[in-house]
Amino acid sequence: MNAISLITAVIALLFAGGVFERYRQRGGAHLLAWSVGALLYGAAALGAALLSLDFSETALKAWYLGGAMLAAPWLGQGTVFLLVRKRGVAGTLAAGLLLLSLLAFELLRAAPIAGGGAYNAAIPPDEQYRVFLVRNGLIIALTIILNLYGTITLAGGAIYSAYLFWRKQVLQQRVVGNVLIAAGALLPASGGASVLAGVADWHSLSLLLGVILLYAGYVVATRPPSEKS
């Protein structure tokens, strides 16, 4: 089994559990959205780990749906809930994202598998989707749109938050935390580009480093001000 993907899955699921527990205690739509995004991140990494053992249509589609399509936008949606104060805007964007997520799920569920999905150990898990998953134009377009939304809202929102706290010279742990979150959001995006460039090994590592930075950034940013970094 791909050890990097398995470790990524464990960290992401711990991240999801920690954020959801905070949501259960305090409420907050941003925490719920982040926990959903982290859960999808973990499911995708687990799918990649399983694909390193044998081909599985379910694992492949879970990897693509969670990792390539939905994890980033749901994490980004959490940032939208946190930063956008105008009444109704964040909720409307969340409703649109939910509809697109349901559409993505249905499109992936119905997507055919080429060649019967014959397993080939020489094909890395992160490249199997290009060999086996038959993606139509709508799936490809939706993947691009969702990733753009996720990267812009998550990384952009974190950079903006870090700047605000830095400018005001308050809550410096949130400056550090948001810088880590921004870096954690950008790393998987660079990994996705590496797959297209044929460098799949970096993709798995970028997902691991990305979730570590996201989790660390979340922990630092939510640390009470009285605690020392």
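The number of residues in region 67-102 that are β-branched (Val, Ile, Thr), in a helix (DSSP H, G or I) and surrounded by fewer than 21 Cβ atoms within 10 Å (Cβ to Cβ) comes to 2. For region 40-50, the count of residues that are surrounded by 18 or more Cβ atoms within 10 Å (Cβ to Cβ), under 11 Å from the mean Cα position of the chain (by Cα) and not hydrophobic (A, V, I, L, M, F, W, C) is at least one. Scan region 209-219 and give yes if some residue there is buried (at least 22 other Cβ atoms within 10 Å of the Cβ), modelled with pLDDT under 90 and closer than 20 Å to residue 13 by Cα, otherwise no. Taking every residue of region 209-219 in turn, none turns out to be buried (at least 22 other Cβ atoms within 10 Å of the Cβ), modelled with pLDDT under 90 and closer than 20 Å to residue 13 by Cα.
Taking the condition of being at pLDDT 90 or above, touching a Leu at 6+ places or on another chain (Cβ under 7 Å) and hydroxyl-bearing (Ser, Thr, Tyr), how many residues in region 35-82 meet it? Total meeting the criteria: 2. Within the option set 196, 171, being on the phi > 0 side of the Ramachandran plot, of a type outside the set (Lys, Arg) and at pLDDT below 85 holds for one residue only, 171. For region 51-66, filtered to residues that are among the small types (Gly, Ala, Ser) and within 19 Å of residue 102 (Cβ to Cβ), the residue that is surrounded by the most Cβ atoms within 10 Å (Cβ to Cβ) is 66. Within region 19-31, the set of residues being touching a residue at least 24 places away in the same chain (Cβ under 8 Å) and on the phi < 0 side of the Ramachandran plot comprises 19, 22, 29, 30, 31. Looking at this structure, is residue 142 surrounded by 12 or more Cβ atoms within 10 Å (Cβ to Cβ) and either at pLDDT 95 or above or of a type in the set (Lys, Arg) (or both)? Here the answer is yes, as residue 142 does meet what is asked. Of all the listed residues (55, 105), the sole one being over 14 Å from the mean Cα position of the chain (by Cα), part of a loop (DSSP other than H, G, I, E, B), closer than 25 Å to residue 140 by Cβ and in contact (Cβ under 8 Å) with a residue 40 or more places away in the chain is 55.
The values are calculated or read from the model by the stated rules, or taken from the named source; none is laboratory data. Note that the structure is a prediction, hence the values are computed from the model and not measured. We place every Cβ from the backbone using ideal geometry, glycine too, and count neighbours over all the protein chains shown.
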